[in-house]
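Remarks on the structure that follows.
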């Protein structure tokens, strides 16, 4: 048996190119089998590691996607939480008003008993409310009464606790409308304030108007032309100011207007500042009302140092003198 095992082997023969003797290497079969087994195990282990790596990478990508989703959901939750808090604040305001009304209209037990006794008594006696003969009612004109809820004089016609509760419910409904109405009023005031900030309202430079808005004779030739702005004369290099908050829409040289600045104030308002000596702001800059945006000069086609100032509304020039404070 042992002789058969010895015969089962691999022989590796090495034959040199020189005349040296050849030699052979005999590897038993079990050694080859072990080597093949180890190779198979190595390949299987490498494949398992590769599979584990690919699976881990896929799980990492999935985890990253889940993190992004969770982040987006958290931002949405935060936004909803802020909105919920705002609504809760409004609800608390309404609750405070409702509690105020409830306290004012609360009936003590003895007063309720008096109402019931009046209801069961003689019909010839006038019935009075449980609030000493006064009832709360909606007053749409606060200056005519005492705020949104005004007092009425005693009512002598058949009143009952049921009628009082109906009036209470009506007053509560009015109170529930107060918060959104006031919110709408605040929104309107905010929009009005933004429009007021966008409206040109100050002189863009010190000086006096030498040429107004409208038809005029052409200063450097014969004939007439429509002057789309006003000319304000002052000394060279005097500051030019933004007439309202806005963003610089154009800053550069434009034909007969010379160095020109155009500011977009929003709400369809634009202002033009022409013949400048130099600029203090550039296109895209945000400017505030009264901020220095350039300096008076005589660039372009002009008869002397001055500022040509225009106000545009909804894309068309209008008389700037309407907006000079």
Which of 209, 34, 293, 232 has the fewest Cβ neighbours within 10 Å, and the rest in rising order
34, 209, 232, 293
Residues 227, 265, 308, sorted so that the one with the fewest Cβ neighbours within 10 Å comes first
227, 308, 265
Would you mind estimating how fast the range 2-74 diffuses translationally, via Stokes-Einstein at 4 °C and 1.567 mPa s with the Kirkwood radius over Cα pairs, in µm²/s?
74
Exposure proxy order (Cβ contacts within 10 Å, fewest to most) of 248, 218:
218, 248
Note: the range 218-325, point scatterers on Cα, Debye, no solvent; log10 I/I(0) at q = 0.17, 0.24 Å⁻¹ equals -0.75, -1.47
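Since every read-out is calculated from the coordinates, none of them should be taken as a lab result. Remember, it's a predicted structure, so these values are computed and weren't measured experimentally. Reconstructed Cβ throughout: ideal geometry from the backbone, glycine too, with neighbour counts over all protein chains shown.
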